[in-house]
Amino acid sequence: MQSGLAYELEVLDDTDEAIVVVNVEGTVVLMNLAAEKIFGVSGDYMVGEYHEQLVPEGMQWGHQAYRRGYFAEPSPRWMDPGLDPHAQRPDGTLVPIAVWLDPRKVGDALFVVAHVSERAA
């Protein structure tokens, strides 16, 4: 029987919902297949990379500050719906998204589980 982070990641990876798990440093711990389809990039490539690669150019530095603020006071909530969030695929395509942020503590480590969906433009 698995426990801790490995079990959490296995459960999150085995869902049809698009999931990206990010640690406090901002690196991707998991990107499942459904999220790969939205973001247009392999989860294997993204694991260990900064998730800001998925944020549109010109907004990446500001997003780092938002991330630090979120981890300072984590709570389940929508990611700034008033800001009309978008993801940027590696080919430059912008994708309108909605993101539900769900903080998870596993042992002493804090992560955010981002539940991502495409939304109408």
- Any idea which residue in the stretch 1-39 is farthest from the chain's Cα centre (by Cα), counting only those that are at pLDDT 75 or above, loosely packed, with under 15 Cβ neighbours inside 10 Å and more than 21 Å from Phe71 (Cβ to Cβ)? Asp16
- Would you please list the contacts, defined by Cβ atoms under 9 Å and residues six or more apart or on different chains, that run from a residue in the stretch 68-95 that is within 18 Å of Tyr50 (Cβ to Cβ) and in contact (Cβ under 8 Å) with a residue 60 or more places away in the chain to a residue that is surrounded by fewer than 11 Cβ atoms within 10 Å (Cβ to Cβ) and of a type outside the set (Val, Ile, Thr)? none
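Among the listed residues Leu110, Leu83, which satisfies the condition of being over 13 Å from the mean Cα position of the chain (by Cα) and open to solvent by 50 Å² or more (accessible area, probe 1.4 Å)? Let's see the steps before the verdict.
Values: Leu110 fails: open to solvent by 50 Å² or more (accessible area, probe 1.4 Å).
On inspection, the qualifying residue turns out to be Leu83.
Output yes when any residue across the stretch 94-106 is open to solvent by less than 60 Å² (accessible area, probe 1.4 Å) and touching a Gly at 6+ places or on another chain (Cβ under 9 Å), and no when none is. I'd like the intermediate steps shown before the answer.
Residues of the stretch 94-106 open to solvent by less than 60 Å² (accessible area, probe 1.4 Å): 95-99, 101-103, 106.
From what is left, the residues that are touching a Gly at 6+ places or on another chain (Cβ under 9 Å) are 95, 106.
There is at least one residue in the stretch 94-106 that is open to solvent by less than 60 Å² (accessible area, probe 1.4 Å) and touching a Gly at 6+ places or on another chain (Cβ under 9 Å).
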- Would you say Val106 is among the β-branched types (Val, Ile, Thr) and at pLDDT 95 or above? no
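Yes or no, residue by residue, for (1) touching a strand residue (DSSP E or B) at 6+ places or on another chain (Cβ under 8 Å); (2) more than 20 Å from Asp16 (Cα to Cα):
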{"site": "Ile38", "(1), (2)": "yes, no"}
{"site": "Gly43", "(1), (2)": "yes, no"}
{"site": "Tyr50", "(1), (2)": "yes, yes"}
{"site": "Glu57", "(1), (2)": "yes, yes"}
{"site": "Gln60", "(1), (2)": "no, yes"}
{"site": "His63", "(1), (2)": "no, yes"}
{"site": "Arg68", "(1), (2)": "no, yes"}
{"site": "Glu73", "(1), (2)": "no, yes"}
- Query: Within the stretch 78-99, how many residues are within 15 Å of Val20 (Cα to Cα) and out of contact with any Pro (no Cβ under 8 Å at 6 or more places or on another chain)?
  - Reply: 2
- Please work out which one of (1) over 17 Å from Glu36 (Cβ atoms); (2) surrounded by 14 or more Cβ atoms within 10 Å (Cβ to Cβ) is the condition Gln88 fails and give its number. (1)
- Item | Condition broken by Arg119, with the remaining ones in (1) basic (Lys, Arg); (2) farther than 16 Å from Glu25 by Cβ; (3) loosely packed, with under 12 Cβ neighbours inside 10 Å satisfied | (3)
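The values are calculated or read from the model by the stated rules, or taken from the named source; none is laboratory data. From a predicted model like this one, the values you see are computed outputs, not experimental measurements. All Cβ positions, even for glycine, are placed from backbone atoms using ideal geometry, and neighbour counts span all protein chains on display. Accessible surface is based on the protein model in full, side chains and every heavy atom, while ligands, DNA and RNA are left aside. Shrake-Rupley method; radii C 1.70, N 1.55, O 1.52, S 1.80 Å.
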